[in-house]
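K.L.:
Following this message is one structure expressed as structure tokens.
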Amino acid sequence: MARSNTPRRSAARKPIPVARIRPEGSWWSRLPEAAQHAICLGTLLTIGLIFYAPILFSGQQLIGGDTVKWRMMAASMMDYHDATGEEPLWSPNTFGGMPGYMVTRFAWVPGIDSVANWLRNGLGLWPISHFAFLLGGAYLLGWWMTREKWAGVVLAVAFGFTTYIPIFLSAGHNSKYIALAYTPWLVLAFAHVLRKPKLLGALLFAVALAVHLRAGHPQITYYALWTIGIWWVADGVGSWREGLIDRWARATAWLTGGGLIAALMSAYPYLLQRDYKAFTIRGAFTDASGGLDQAYAYAMNWSHTMGELLTLIVPNAYGGGGQTYWGEKIFTGGPHYLGGVVILLGIVALLLSRKRVAVWALSISAGLMMLFALGSNLNVLNRPLYDFFPLFDAFRVPETWLVQVAFCMAALAALGLGAAMPLRRQVLEPRAEADEARRTQIVTIAVAATLGFVVVLALAGSSLLSFEKAGEMERAIAQIAQENQVSPTDPRVRQAAEDGVGQIVGERRDLFSADAWRTVLFVLLAGGLLVLGRRGKIPSWAVQMSLALLIVVDLAG
């Protein structure tokens, strides 16, 4: 039987009638909407300034190690440009020589991103110059999805303060940071076109995608496009079920047109880089000796392990960074941490949010990208994708996928906060009252389940994890024997090694235990706020503001 394209809605989705509506009587609800937006955005900017105050107000600059290395590679090109005023086409001191466009570019067409670049270079406001754009875009996306201002604040702080961002920023991965700053804008423009497929939306999407590409970190753009692609498929399925496939088709056409415009706006230097890629290890090079080829093995360095995903909720589960880190990676600057509050709100979104397309798209995206982050620890998935999926073989360091996971979870947290808030009206119709009571029960169950999980993790984790890096004892024995010019089989050597390794294992166990109970505390506080808010004991604005503050303290702290 042919399906009708006439829009229809199931009975379960019909709006619940109410007998009387009255505004919430709080000071917040009485403020004009513009004032509410101004307070939220002002709060975000203030938090950002406080967080980066040691850089902004110390008379010093944040210069990461990779920035120094890049400056050394680009020095000869800069000298040539200063002397001649011409665009240098070759960098002679970069890996024995490399095309100039792979290192730096002096000819640059102005764009929307020139505003942030001027704040960075002209006023010296790095990194707050782009952090402000990240917070603003994330806030608007959260508000657009939920129409809750504080949900926008939650998305902004949950994404902006995820621990990995300051870690790689301090390492000098500036283009990665800039691309992430524009990710919320790209997703917002995309989602807007899905709902309102018109020319203006397509042009905004083109601008957002072009700016993202101009950031110069195609790996982050690729990750964002994965989320957009999954959302597009989810919206197609939802539109088909709702009889709105015509709207989805129009949106697809506008998005395609916008994407082509963005590609034209940012074609240079990507077309040149595509040609150059074939001659590098990121091209089609393989090792004829069999097994995992050299290029794949290189690409899978810094693969996450399944156990190390615990750092998403207990940051020091694997020792954090430096000498206390005991995971399988060569080294790491620190964990990927989302926070117990963000995860709790994400669970609430899965259970309660009526924005089902967005929830499923973000959840599937986050789940898949966690699997991608496992890299060579999940070859059954990642090897076929590396071999056959477009551009999957072009990027390195699988754990970087977790940056996009942080974005997806932050967006889910915003949706969860919006869904958890009680209706801002006096409801007298029995069916509406029953629905609100059911939603309160679901929130309570979600809080209890999350709290129970983290408590069990805090109690049992210390005995389930080894806290010893693979081969650590053998390396300690070899080092002690060499330093003392004795045989590695000497019993005194083994005893000294066991004492030393035992001490650092104890430090790691203490780090895990402290962080696990810290997560329990934050989940307990957040859960209490949600339950009390649902039961009307605390005003909604106070619940939302407090949850945003908890996330800031958790992540920024």
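K.L.:
Let me understand segment 382-425 better: what is its radius of gyration from the alpha carbons, and its Dmax, in angstrom?
P.N.:
Looking at segment 382-425, its Cα Rg and Dmax stand at 17.3, 55 Å.
K.L.:
Given the alpha-carbon gyration tensor of segment 248-395, what are the semi-axes of its equivalent ellipsoid in whole angstrom, ordered largest first, with each equal to the square root of 5 times an eigenvalue?
P.N.:
For segment 248-395, the semi-axes come out at 30, 28, 15 Å.
K.L.:
Quote the relative contact order of the chain in percent (integer), defining contacts as alpha-carbon pairs under 8 Å separated by 6+ residues.
P.N.:
18 percent
K.L.:
Another question about this same structure. How long are the semi-axes of the equivalent ellipsoid of segment 382-475, taking √(5λ) for every eigenvalue λ of the Cα gyration tensor, in whole Å from largest down? Mind showing how you got there, number by number?
P.N.:
Values: eigenvalues 348, 127, 21 Å².
The three semi-axes for segment 382-475 are 42, 25, 10 Å.
K.L.:
Now a separate question. Going highest first, how would you order 187-193, 32-38, 259-265 by mean Cβ packing within 10 Å?
P.N.:
Numbers: 187-193: 23.6, 32-38: 11.3, 259-265: 15.6.
By packing density, highest mean first, the sequence is 187-193, 259-265, 32-38.
K.L.:
Could you sort the peptides 403-409, 368-374, 498-504 by per-residue average Cβ neighbour count (10 Å cutoff), highest mean leading? Spell out each step's value before the answer.
P.N.:
Values: 403-409: 26.4, 368-374: 21.4, 498-504: 14.0.
Highest mean packing first, the order is 403-409, 368-374, 498-504.
K.L.:
Sticking with this structure for a sec: How large is the helix-only mean residue ellipticity at 222 nm for the chain, computed as the sum of -39500 (n - 2.57) over DSSP H runs with n ≥ 4, divided by its residue count, in deg cm²/dmol to the nearest 500?
P.N.:
Values: 22 runs with 360 residues, N = 557.
Only helices count here, giving -21500 deg cm²/dmol.
K.L.:
Ignoring ligands, DNA and RNA, what percent of the 1.4 Å accessible area of the chain is carbon and sulfur?
P.N.:
65 percent
K.L.:
Just the Kirkwood number for segment 140-191, please: inverse of mean 1/r across all distinct Cα pairs, in Å, one decimal.
P.N.:
After inverting the mean inverse Cα-Cα distance, the result is 11.8 Å.
K.L.:
Next question, about the same structure. Using the Kirkwood formula on the Cα atoms of segment 486-548, what hydrodynamic radius do you get, in angstrom to one decimal?
P.N.:
For segment 486-548, the Kirkwood estimate is 15.3 Å.
K.L.:
Tell me, what is the Rg over Rh of segment 107-180, with Rh the Kirkwood radius over Cα pairs?
P.N.:
With Rg and the Kirkwood Rh in hand, the quotient comes to 1.02.
K.L.:
Shifting gears a bit: State, to one decimal in nm², a quarter of the convex hull surface area for the C-alpha atoms of segment 327-484, i.e. the direction-averaged projected area.
P.N.:
14.2 nm²
K.L.:
Over segment 115-158, how many percent of alpha carbon pairs lie in each 10 Å bin up to the one with the longest distance?
P.N.:
In whole percents, the pair-distance histogram is 33, 36, 25, 6.
K.L.:
Mind checking the per residue accessible area of segment 424-557 for me, 1.4 Å probe, whole number of Å²? Before the final figure, lay out the partial values.
P.N.:
Numbers: 7140 Å² over 134 residues.
Accessible surface, normalised per residue, equals 53 Å².
K.L.:
I need the trypsin sites (Lys or Arg not before Pro) found in segment 461-557, filtered to DSSP loop residues with at most 13 other beta carbons within 10 Å of theirs. It would help to have the intermediate numbers written out before the result.
P.N.:
Values: sites: Lys469, Arg475, Arg492, Arg494, Arg508, Arg509, Arg518, Arg534, Arg535, Lys537; in loops: Lys469, Arg535, Lys537.
Passing both the DSSP loop test and the Cβ count: Arg535, Lys537.
K.L.:
Could you do me a favour and compute the accessible area per residue for segment 160-209, 1.4 Å probe, result in Å²?
P.N.:
I get 30 Å² per residue for segment 160-209.
K.L.:
Check Met98: other-chain or 5+ apart residues with amide H under 5 Å from its amide H, H built from backbone geometry?
P.N.:
Those lying under 5 Å, H to H, from Met98 are Ser91.
K.L.:
So how strong a dipole does segment 180-262 carry about its Cα centre when Lys and Arg Cβ are +1 and Asp and Glu Cβ are -1, to the nearest 20 debye?
P.N.:
Dipole about the Cα centre, nearest 20: 160 debye.
K.L.:
Would you please put 358-366, 483-491, 455-463, 329-337 in order of how densely packed they are, using the mean number of other Cβ atoms within 10 angstrom per residue and starting with the highest?
P.N.:
Per-residue mean Cβ counts within 10 Å order the peptides as 358-366, 329-337, 455-463, 483-491.
K.L.:
Further question: Percent of alpha carbon pairs in segment 312-401 separated by more than 23 Å?
P.N.:
40 percent
K.L.:
Counting only heavy atoms of the protein chains, get the accessible area per residue of segment 290-395 (1.4 Å probe) and round it to a whole Å² value.
P.N.:
Ligands and nucleic acids excluded, the result is 38 Å² per residue.
K.L.:
Which log10 I(q)/I(0) values, to two decimals, does segment 223-273 give at q = 0.21 Å⁻¹ under the Debye formula with one point per Cα?
P.N.:
-0.81
K.L.:
Right, here's the next one. Restricted to Cα positions, what overall size does segment 293-339 have along the principal axes? Three whole-Å values, descending.
P.N.:
36, 21, 14
K.L.:
To continue, here is another question. For a 26 Å ceiling on Cα separation, which of these pairs sit above it: Lys329/Lys355; Lys149/Lys176; Lys176/Lys198; Lys149/Lys196; Lys176/Lys355?
P.N.:
Lys329/Lys355; Lys149/Lys176; Lys176/Lys198; Lys176/Lys355
K.L.:
Next question, about the same structure. Sorted from largest to smallest, which semi-axis lengths in Å does the alpha carbon gyration tensor of the chain give for its equivalent ellipsoid, taking the root of 5 times each eigenvalue?
P.N.:
One finds semi-axes of 40, 33, 24 Å for the chain.
K.L.:
What base-10 log of the normalised intensity I(q)/I(0) is obtained for segment 126-220 from the Debye formula, alpha carbons as equal point scatterers, at q = 0.25 Å⁻¹?
P.N.:
-1.27
K.L.:
For segment 408-557, what is the Kirkwood estimate of the hydrodynamic radius, computed as the reciprocal of the mean inverse distance between distinct Cα atoms, to one decimal in Å?
P.N.:
Its Kirkwood hydrodynamic radius stands at 19.3 Å.
The values are calculated or read from the model by the stated rules, or taken from the named source; none is laboratory data. Keep in mind it's a predicted model, so treat the numbers as computed, not measured. With ideal geometry, Cβ positions are generated from the backbone for all residues, glycine too; neighbour counts draw on all protein chains shown. The area values use the complete protein model at the heavy-atom level, side chains included, leaving out ligands, DNA and RNA. Shrake-Rupley method; radii C 1.70, N 1.55, O 1.52, S 1.80 Å.
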